[in-house]
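A.B. asks: Sharing a structure with you now.
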Amino acid sequence: MVLAFHKPYGVLCQFTRKEPGQRTLADFGFPAEVYPVGRLDQDSEGLLLLSDEPGFNNRLLDPSTAHPRTYLAQVDGVPAPAALDRLRRGGLDLKDHRTRPCRVVVPEPQPELPPRDPPVRFRKSIPTTWIELTLTEGKNRQVRRMTAAVGIPTLRLIRVSIGKLDGRSIVEGTWRKLLPDDLARVWAR
């Protein structure tokens, strides 16, 4: 069984609480025996897969498969073309890892998304911009570290797809079981 979940901001990607009152995956009524496939950090939102299938995690996330995952990142300011090119080229030194090339676009029109609770910081004199990044690797807080390295810090991060499975239609905080057609989209590139 594979489930698609829209993880809200502030939820830990695990079932056990580190602190009293901490929101975790245990708060969302998942069937027994499922585990998260990959992670989204506590400050990130969006599509998360969970499965009870042995080996699913390795098949999907092994770096040799170069499986695409797409994110919307709301960044501070308006990114210069040179900053976007640095992200695309890869080779950014994140201390423990050099990034691979990735796809980066500035969607036009900009997406209109519901506000986050709590809201991202607002600065009257500095606009924000949404960029869309498709990566084929996933290191700890990688998108945030990449955008910071090129001078455009991420304020809000939402994973919108895995493979060709688009998670934007899943309501925040809800999940659904994937059907065979959905699973085919997960594996599609």
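The values are calculated or read from the model by the stated rules, or taken from the named source; none is laboratory data. Bear in mind that the values here come from a model prediction, so they are computed numbers and not experimental data. Cβ coordinates were reconstructed from backbone atoms using ideal geometry, including for glycine residues, and neighbour counts include every protein chain displayed.
A.B. asks: Under the condition of being buried (at least 17 other Cβ atoms within 10 Å of the Cβ) and not aliphatic (A, V, I, L, M), which residue from region 143-160 is nearest to Thr70 (Cα to Cα)?
C.D. replies: Arg159
A.B. asks: Please list, ordered by first then second residue, the pairs with beta carbon atoms under 7 Å, 6 or more apart or interchain, first in region 116-128 and not assigned by TED's automatic domain parsing to the domain that holds Pro8, second part of a loop (DSSP other than H, G, I, E, B).
C.D. replies: Cβ pairs passing all conditions: Arg116/Tyr9; Ile126/Gly77; Pro127/Gly77; Pro127/Val78.
A.B. asks: Can you pull out the residues in region 70-98 that are surrounded by 14 or more Cβ atoms within 10 Å (Cβ to Cβ), closer than 24 Å to Gly163 by Cα and touching a strand residue (DSSP E or B) at 6+ places or on another chain (Cβ under 8 Å)?
C.D. replies: Thr70, Tyr71, Leu72, Ala73, Gln74, Val75, Leu84, Leu87, Gly90, Leu92
A.B. asks: Now for a different question. Among the residues that make up region 161-178, is at least one of them crowded, with 17+ Cβ neighbours inside 10 Å and closer than 10 Å to Tyr71 by Cβ?
C.D. replies: Pass one, region 161-178, residues crowded, with 17+ Cβ neighbours inside 10 Å: 161-163, 165, 167, 170, 175, 178.
Filter again for closer than 10 Å to Tyr71 by Cβ, leaving 161.
Within region 161-178, one or more residues are crowded, with 17+ Cβ neighbours inside 10 Å and closer than 10 Å to Tyr71 by Cβ.
A.B. asks: Report, by residue number, each residue of region 59-78 that is under 17 Å from Thr99 (Cβ atoms) and either at pLDDT 85 or above or in a loop (DSSP other than H, G, I, E, B) (or both).
C.D. replies: Ala66, His67, Pro68, Arg69, Thr70, Tyr71, Ala73, Val75
A.B. asks: Filtering region 26-40 down to residues that are among the hydrophobic types (A, V, I, L, M, F, W, C) and surrounded by fewer than 17 Cβ atoms within 10 Å (Cβ to Cβ), which residue is modelled with the lowest pLDDT?
C.D. replies: Only one residue fits best here, namely Ala32.
A.B. asks: Only one of these is among the acidic types (Asp, Glu), in contact (Cβ under 8 Å) with a residue 60 or more places away in the chain and not assigned by TED's automatic domain parsing to the domain that holds Trp187: Asp85, Asp43, Asp76, Asp93. Name it.
C.D. replies: Result: Asp76 is the single residue among Asp85, Asp43, Asp76, Asp93 that is among the acidic types (Asp, Glu), in contact (Cβ under 8 Å) with a residue 60 or more places away in the chain and not assigned by TED's automatic domain parsing to the domain that holds Trp187.
A.B. asks: Output yes when any residue across region 115-138 is surrounded by 12 or more Cβ atoms within 10 Å (Cβ to Cβ), aliphatic (A, V, I, L, M) and within 11 Å of Ala73 (Cα to Cα), and no when none is.
C.D. replies: Looking through region 115-138, at least one residue is surrounded by 12 or more Cβ atoms within 10 Å (Cβ to Cβ), aliphatic (A, V, I, L, M) and within 11 Å of Ala73 (Cα to Cα).
A.B. asks: Only residues that are farther than 19 Å from Phe56 by Cα and surrounded by 15 or more Cβ atoms within 10 Å (Cβ to Cβ): list them for region 7-21, please. Please lay out each step first, then the result.
C.D. replies: Going through region 7-21, the residues farther than 19 Å from Phe56 by Cα turn out to be 7-12, 16-21.
Those that are farther than 19 Å from Phe56 by Cα and surrounded by 15 or more Cβ atoms within 10 Å (Cβ to Cβ): Lys7, Pro8, Tyr9, Val11, Leu12.
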